[in-house]
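Colleague: Please find one structure pasted underneath; my questions will follow.
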Amino acid sequence: LRNDHTRRAYAHAAAQLSAWLEINGTSLAELEPPEAAAYIKSLEAEGKAPATIKARLSALSNLCDYLASSGVLDWNPFKVVRGPRVSQREGQTPVLEPELVRALLDSFEGEDVVALRDRAIVSTMLFSFARVGAVTKLDGRHYEVQGSKASLVLNEKRGKRTRVPCHHELREAIDALLAVSYPGPRTPLFRTVDRSNDENGDRQLTRRRLKTSNVLEMVKRRCEGVGIDPTMVCNHSFRASGITAYMVAGGSIETAAEIAGHASTETTKLYDRSAKVVSRGEIERIRF
């Protein structure tokens, strides 16, 4: 599995099954479909979401397929187990209201390199619909400027590379960062903070790349600073907020999918909450 998040999720699913088998005094080699189905039922009893159970079942079925093909197991006991039905028309990623997004962007003030870096990161996720993993992979060479136009080359999931034109606010944010901390072509664009200040006492960045977990910590801290509940926001919130704002402004779902690097517009629709924005406006028509 090439994707780090998928690999961690599959490892967690295998560890949870191992714990259940140990509690029930059996082994994976002894597992039959009725017991495999009982394990899935136990997840439902724990209150796991249908999507979580489906993901667990997929992970365990893949694991047992591999073990069966390797001769470790005689067959895959999860192959015939059916998971719960999942019908999802809207994603669960929290979306920020436009006024909250504006307040957050306006909160990055001054010439401090960390504030400029944070503003550029948030702007990249908002205006390019990029996943945080693609944002942290950006190097200096991935920001391309040709005259009055600029673009970002994003390395998305499954090795997909997309070139996204920069919104004028995104270009301003990146140019402001580069003016005080210019990386080399192969140096990460978004880097960690050096523990020691420069000769003027100002903070400076290292050559080490930021992790996605570092970005999440920054996002929650910055959101809390402008009155946004940090438990109601994540890195993906900016991707979803950007897509929603684009759709509210009259953008097409096909173009949004192309910018976001989605293979299907059905995936993009999970991020689009423009219909909900319209519904809130319509509900205000009620008068007494």
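The values are calculated or read from the model by the stated rules, or taken from the named source; none is laboratory data. As the structure is a computational prediction, the values presented were derived from the model and not from experiment. Glycine gets a Cβ as well: all are built from the backbone with ideal geometry, and neighbour counts include every protein chain shown. Side chains are part of the model used for accessible areas, which takes the heavy atoms of the whole protein and leaves out ligands, DNA and RNA. Shrake-Rupley method; radii C 1.70, N 1.55, O 1.52, S 1.80 Å.
Colleague: Being in contact with a strand residue (DSSP E or B) (Cβ under 9 Å, 6 or more places away or on another chain), open to solvent by 20 Å² or more (accessible area, probe 1.4 Å) and either farther than 21 Å from Phe238 by Cα or of a type in the set (Gly, Ala, Ser) (or both) is the requirement here; does Val145 meet it? Break it down stepwise before answering.
Modeller: On the way: in contact with a strand residue (DSSP E or B) (Cβ under 9 Å, 6 or more places away or on another chain): yes; open to solvent by 20 Å² or more (accessible area, probe 1.4 Å): yes; either farther than 21 Å from Phe238 by Cα or of a type in the set (Gly, Ala, Ser) (or both): yes.
Criteria met by Val145.
Colleague: Starting from region 251-267, keep only residues that are in contact (Cβ under 8 Å) with a residue 60 or more places away in the chain, then list their pairs with residues that are open to solvent by 50 Å² or more (accessible area, probe 1.4 Å) and not in a helix (DSSP H, G or I) whose Cβ atoms are within a distance under 8 Å, requiring at least 6 positions of separation or different chains.
Modeller: Gly261/Lys160
Colleague: Which ranges mark the helices (runs of 4 or more DSSP H) fully within region 1-72 that have 2 or more residues being aromatic (Phe, Trp, Tyr)? I'd like the intermediate steps shown before the answer.
Modeller: Working: elements: 4-23, 33-45, 50-69.
Passing ranges, in order: 4-23.
Colleague: Would you be able to tell me the number of residues in region 107-131 that are within 21 Å of Ser181 (Cα to Cα) and open to solvent by 40 Å² or more (accessible area, probe 1.4 Å)?
Modeller: Here is the first cut: in region 107-131, the ones within 21 Å of Ser181 (Cα to Cα) are 107-125.
Remaining after also requiring open to solvent by 40 Å² or more (accessible area, probe 1.4 Å): 107, 109-112, 119.
The qualifying residues number 6.
Colleague: I would also like to ask the following. Keeping to region 156-166, report how many residues are touching a Leu at 6+ places or on another chain (Cβ under 8 Å) and in contact (Cβ under 8 Å) with a residue 12 or more places away in the chain. Let's see the steps before the verdict.
Modeller: So the first thing to find is which residues in region 156-166 are touching a Leu at 6+ places or on another chain (Cβ under 8 Å), and the list is 161-164, 166.
Narrowing further to those that are in contact (Cβ under 8 Å) with a residue 12 or more places away in the chain: 162-164, 166.
So the answer is 4.
Colleague: Out of the residues in region 138-155 meeting the condition of being in contact with a Leu (Cβ under 8 Å, 6 or more places away or on another chain) and charged (D, E, K, R), tell me which one is farthest from Leu210 (Cα to Cα).
Modeller: Glu144
Colleague: Can you name the residue in region 72-90 that is open to solvent by 60 Å² or more (accessible area, probe 1.4 Å) and modelled with pLDDT of 80 or more and is also farthest from the chain's Cα centre (by Cα) among such residues?
Modeller: First, pick out the residues of region 72-90 that are open to solvent by 60 Å² or more (accessible area, probe 1.4 Å): 72, 74-75, 79-80, 82, 85-90.
Remaining after also requiring modelled with pLDDT of 80 or more: 72, 74-75, 79-80, 82.
On the way: Val72: 35, Asp74: 38, Trp75: 35, Lys79: 30, Val80: 32, Arg82: 28 Å.
Residue satisfying both the conditions and the ranking: Asp74.
Colleague: Can you run down the residue pairs with Cβ atoms below 9 Å, 6 or more apart or on separate chains, where the first is in region 182-197 and closer than 10 Å to Val114 by Cα and free of Cβ contacts under 8 Å to residues at least 40 places away in the same chain and the partner is in a loop (DSSP other than H, G, I, E, B) and of a type in the set (A, V, I, L, M)?
Modeller: Listed by first residue and then by second, the contacts come to Thr192/Leu210.
Colleague: In region 194-235, which residue that is among the acidic types (Asp, Glu) and open to solvent by 70 Å² or more (accessible area, probe 1.4 Å) is farthest from Thr93 (Cα to Cα)?
Modeller: Filtering region 194-235 for residues among the acidic types (Asp, Glu) gives 194, 198-199, 202, 217, 224, 229.
Cutting the leftovers down to open to solvent by 70 Å² or more (accessible area, probe 1.4 Å) gives us 199, 202, 217, 224, 229.
On the way: Glu199: 43, Asp202: 36, Glu217: 17, Glu224: 18, Asp229: 14 Å.
By that ranking, first place goes to Glu199.
Colleague: Among (1) closer than 17 Å to Leu126 by Cβ; (2) part of a strand (DSSP E or B); (3) open to solvent by 70 Å² or more (accessible area, probe 1.4 Å), where does Ala150 come up short?
Modeller: Single failed check for Ala150: (3).
Colleague: If I ask for residues that are buried (at least 17 other Cβ atoms within 10 Å of the Cβ) and either of a type in the set (Lys, Arg) or assigned to a loop (DSSP other than H, G, I, E, B) (or both), which ones from region 154-180 would you list?
Modeller: Cys166, Arg171
Colleague: Another question, then. Step by step: first the residues of region 132-142, then only those that are more than 23 Å from Gly110 (Cα to Cα) and over 18 Å from the mean Cα position of the chain (by Cα), then the one that is most open to solvent (accessible area, probe 1.4 Å). Which residue is that?
Modeller: Ranking the candidates gives Arg141 first.
Colleague: What's the number of the only condition in (1) farther than 30 Å from Thr265 by Cα; (2) crowded, with 16+ Cβ neighbours inside 10 Å that Tyr10 fails to meet?
Modeller: Among (1) farther than 30 Å from Thr265 by Cα; (2) crowded, with 16+ Cβ neighbours inside 10 Å, the lone unmet condition for Tyr10 is (1).
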